[in-house]
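Reviewing the structure listed below.
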Amino acid sequence: MSSLLDDGIAIRFTKPDDDEALAAAYRRNREHLRPWEPIRPDAFYTAAGQRPVLERFHAERTAGTGYYWVLTDAERVVGRISLTDVVRGVFLNGHLGYWIDKEWQGRGLATAAVNFVADHARGELSLHRLQAGVLPHNAASRAVLTKCGFARFGRTPEYLRINGRWQDHDLFARILFRDAGAAA
């Protein structure tokens, strides 16, 4: 089942037969995503390389620890968004990550997708909080998070190995709901 975002773009959970479409999207965007992602082996950009990734996505969704969506224009994947490291108990938190195809940048799709996932996290998953780590020089992603109600709460040094080196990240969070008796 999919929902529509802006510009007729649909958003839906990943499925096993997304292997070729997702691989094609990563091949199209390999240079575009290079500054923001880990270095990937060449096999990652093939349908065969995407199959175990999609299997892991399914296993995490089944376990309730990770949720992965694709943004599609008809059958073409034009972005992906994830809610990972979902923790229950007293934390009720998940980590957000996303990217948009280079040809679809600047159309509000990332903002629409982040808001869609935040609504899902609050409604379907009853999470209290979302968190995202962003490279300090990623102005576009910082702007998306700010538009979607996230606030920067700190910086962590050498947080993730991105594009072949450990890089600092700014941390953002959005509170999805507050207890009736909690301070605003």
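Summing Lys, Arg as +1 and Asp, Glu as -1, what charge do residues with Cβ under 15 Å from the Cβ of GLN167 carry, GLN167 excluded?
Here the count lands on +1.
Treating the beta-carbon of each Lys and Arg as +1 and of each Asp and Glu as -1, no other charges, what is the dipole magnitude of the chain about its Cα centre, to the nearest 20 debye?
On the way: 25 positive and 22 negative charges, 95 e Å.
Roughly 460 debye, rounded to the nearest 20.
In percent, what relative contact order does the chain have, based on Cα pairs under 8 Å that are 6 or more apart in sequence?
Working: 306 pairs, mean separation 34.1, N = 184.
Relative contact order for the chain comes out at 19 percent.
Cα convex hull of the chain: mean projected area in nm², to one decimal?
Values: hull surface 43.2 nm².
Computed as one quarter of the Cα hull surface, the answer is 10.8 nm².
Give me the extension gain from GLU75 to ARG40: residue separation times 0.36 nm, minus the current Cα-Cα distance, reported in nm with one decimal.
Numbers: separation 35, 0.36 × 35 = 12.60 nm, distance 2.41 nm.
Gain in length upon complete extension: 10.2 nm.
So which GluC sites (Glu not before Pro) in the stretch 39-142 end up in coil per DSSP with only 11 or fewer other C-beta atoms within 10 Å?
On the way: sites: GLU55, GLU60, GLU75, GLU103, GLU124; in loops: GLU75, GLU124.
Sites meeting the loop and neighbour criteria: GLU75, GLU124.
How much area per residue is accessible in the chain when the probe is 1.4 Å and only protein heavy atoms are counted (Å²)? Show your work: numbers first, answer last.
Numbers: 9490 Å² over 184 residues.
In whole numbers, the chain has 52 Å² accessible per residue.
How large a share of the accessible area of the chain, in percent, is made up of carbon and sulfur atoms when the probe is 1.4 Å and the other protein chains stay in place? All intermediate terms of the calculation are to be shown ahead of the outcome.
On the way: 5000 of 9490 Å².
Of the solvent-accessible surface of the chain, carbon and sulfur hold 53 percent.
If the chain between ASP168 and ARG155 were fully stretched, how many nm would it gain, using 0.36 nm times the residue separation less the Cα-Cα distance? Write out the running numbers ahead of the final one.
Details: separation 13, 0.36 × 13 = 4.68 nm, distance 0.69 nm.
Taking ASP168 through ARG155 to full extension adds about 4.0 nm, to one decimal.
So which helices of the chain fit the span-like rule, where a helix is a whole DSSP H run, its Cα atoms reach 18 Å or more along the axis, and its mean Kyte-Doolittle is at least -0.5? Spell out each step's value before the answer.
Values: long enough: 47-63 (24 Å, -0.70); 109-123 (21 Å, 0.55).
TM-like helix candidates: 109-123.
For the stretch 1-93, max minus min Cα coordinate along each principal axis, in Å, sorted largest first?
On the principal axes, the stretch 1-93 reaches 41, 32, 26 Å in Cα extent.
Step by step: find N for the stretch 70-150, compute 2.2 N^0.38 Å, then divide the Cα radius of gyration by it. What's the final number?
On the way: Rg = 13.0 Å, N = 81, 2.2 N^0.38 = 11.7 Å.
Ratio of Cα Rg to 2.2 N^0.38 Å: 1.11.
Picking from SER141, SER82, SER126, which is most flexible by a Gaussian network model of the chain using Cα springs under 10 Å?
For the chain, modelled as a Gaussian network with Cα springs under 10 Å, the answer is SER126.
Would you please state the base-10 log of I(q)/I(0) at q = 0.16, 0.17, 0.20, 0.21 1/Å for the stretch 49-114, with intensities from the Debye formula using one equal scatterer on every alpha carbon?
Log-scaled intensity ratios, in q order: -0.61, -0.68, -0.87, -0.92.
The values are calculated or read from the model by the stated rules, or taken from the named source; none is laboratory data. These numbers were taken from a predicted model, which means no experiment stands behind them. Every residue, glycine as well, gets a Cβ built from its backbone with ideal geometry; the counts of neighbours run over all protein chains shown. Areas reflect the complete protein model, heavy atoms only, side chains present, ligands, DNA and RNA absent. Shrake-Rupley method; radii C 1.70, N 1.55, O 1.52, S 1.80 Å.
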